[in-house]
1. Of the numbered conditions (1) assigned to a loop (DSSP other than H, G, I, E, B); (2) modelled with pLDDT of 80 or more, G321 fails exactly one; give the number of that condition.
2. Test each condition in (1) at pLDDT below 70; (2) open to solvent by 30 Å² or more (accessible area, probe 1.4 Å); (3) in a loop (DSSP other than H, G, I, E, B) for G94 and report the one that comes out false.
3. Suppose we filter segment 112-137 for residues that are open to solvent by 30 Å² or more (accessible area, probe 1.4 Å), within 26 Å of L89 (Cβ to Cβ) and assigned to a helix (DSSP H, G or I); how many remain?
4. Go through segment 351-391 and count every residue that is over 45 Å from the mean Cα position of the chain (by Cα) and part of a loop (DSSP other than H, G, I, E, B).
5. Residue pairs, Cβ under 9 Å, 6 or more apart or interchain, first in segment 425-447 and open to solvent by less than 60 Å² (accessible area, probe 1.4 Å), second part of a strand (DSSP E or B) and of a type in the set (D, E, K, R). List them.
6. Taking only segment 252-300 into account, find how many residues are surrounded by fewer than 17 Cβ atoms within 10 Å (Cβ to Cβ), among the polar types (S, T, N, Q) and farther than 22 Å from S363 by Cβ.
7. Across segment 71-93, what is the number of residues that are closer than 16 Å to L154 by Cβ and either touching a Ser or Thr at 6+ places or on another chain (Cβ under 7 Å) or β-branched (V, I, T) (or both)?
8. Go through segment 139-169 and report how many residues are open to solvent by 10 Å² or more (accessible area, probe 1.4 Å), closer than 20 Å to L80 by Cβ and of a type in the set (K, R).
Amino acid sequence: MERRTGGREDAGRDAGSEGDARTDARPTGRVHDPATSPVPDPNPASDPDPDPAPSPGLDPGPDPDARWLALLLHAAFFLLLSGSLTRFLMRHPGEARTPWIIALSITLAVLYLLGPVLGSRPTPRRVAWLGVLVAVWTVLVVLAPSFAWCAVPLFYTGLRILPPRAALALVALLTVFVVAAQLRLATEFDPNLVLAPPAVAAVATAVFVHMQRQAVRQRELAARQGELIDDLLRTRRELAATERREGTLAERQRLSMEIHDTLAQGLSSQQMLLQAADRTWDADPDAARRHVRTATGIAERNLAEARRFVHDLAPADLAEGGGLEAALHALAARESAQAQGGLTVRCHVEGTPHAPLPDRVQSALLRIAQGALANVREHADATAAGLTLTHLGDRVVLDIGDNGRGFTPEPGAPRATGAVRGHGLPAMRARVRQLGGTLTIESAPGEGTVLSAEVPLTTLEDPT
């Protein structure tokens, strides 16, 4: 039986095979994606009629063109057979050989109809059937030369079933019988009777071979296309997996920055306050209690942030309403209160936004402000700090300055020794970079520090 890739069938099946390929042909497709492709039989040995090597011919199978060709050849065979029998009965009525001619014609028709029952593959039974079919036709031609033209459909049957050399030999043999039969019928020698049958056989064979080669090229092309589709599907799966990994890593980084700027900073402040309360508990109980109350307030704030993480990961100050300006004012007041006079934080807003800032811009700038003030509180030894939010139409700028001890920023490494721990400035830079902005630091020992985050608004779309 013919193997086909992607359901492409050959259009040149012999009429002698009739519709048998439609009975036995089983298209086998390339299996690449179990969700979208048919699954082949995992136990081919269970097939009662396993496939031998592919036939040298073409399989009409379910291809509409091949089916039409098969039907045309069937019709041609029976028309030629009935026409030859009618001609003989009209030309030779009542002869002694007439019963034999009728019986052999019926036998030839029955044998031809048995072809589909035997299948389309070149099995020994199929070859034996072809041999009997040709033998009956040969006897008919010997008894009645007018049956010679029934050989044309037999050409295709032989070309499809037999190996190439054996098929060509059979075509040549049938052609010789046709020429001999035509010469017997002729009253005088006619060169056309010698030349026409070989020409017809040559054309039929050339058409069949051409169609066969076209079918092979189509199968090879379908196989290459299947491989390309495989590569495309594999690449898409790999790309999807890579995107999932990158998304997971980005989300982990975002969560780590959120935790650092809120919970981690709050826990650090609580630790410092509780340690201060422990040191002054006996000497100054009132101061120790103030430290504990401040730590309690920070714990409440951290609890609110934690609950906000569980809800939607938005900053708690923004969730309370009022926008970024109100959140920065609340942050400044809270930091001043927690410092108990040791640090005064002021907030100032310049300009008016033409439109509400995107949520992610507000969230990022608030987190930057929280992280920067935490660094001021823990490392700068400053007594005053300021938050300045400036709306410049196509961009927004947040400045955080202090009058602390300052440091010398290192080019390419924004952290000074002891100035920041953990994510700190790298997290701030990452937030600004995700928004297409820049983060700059101006500082010198003994002159304080100014951190400036600038975010463009023209390239951002409000996700809300």
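The values are calculated or read from the model by the stated rules, or taken from the named source; none is laboratory data. This one's a predicted model, so the numbers in the text were calculated from it and none came from an experiment. Cβ coordinates were reconstructed from backbone atoms using ideal geometry, including for glycine residues, and neighbour counts include every protein chain displayed. Surface areas here come from the heavy atoms of the whole protein model, side chains and all, with no ligands, DNA or RNA. Shrake-Rupley method; radii C 1.70, N 1.55, O 1.52, S 1.80 Å.
1. Of the numbered conditions (1) assigned to a loop (DSSP other than H, G, I, E, B); (2) modelled with pLDDT of 80 or more, the odd one out for G321 is (2).
2. Result: G94 fails condition (1) only.
3. 3
4. Summing the residues that are over 45 Å from the mean Cα position of the chain (by Cα) and part of a loop (DSSP other than H, G, I, E, B) in segment 351-391 gives 5.
5. Between residues of segment 425-447 that are open to solvent by less than 60 Å² (accessible area, probe 1.4 Å) and residues that are part of a strand (DSSP E or B) and of a type in the set (D, E, K, R), the close pairs are V432/E454; G437/R395; G437/E454; L439/E454.
6. Residues in segment 252-300 being surrounded by fewer than 17 Cβ atoms within 10 Å (Cβ to Cβ), among the polar types (S, T, N, Q) and farther than 22 Å from S363 by Cβ: 4 in total.
7. Count: 2.
8. Selection size over segment 139-169: 0.
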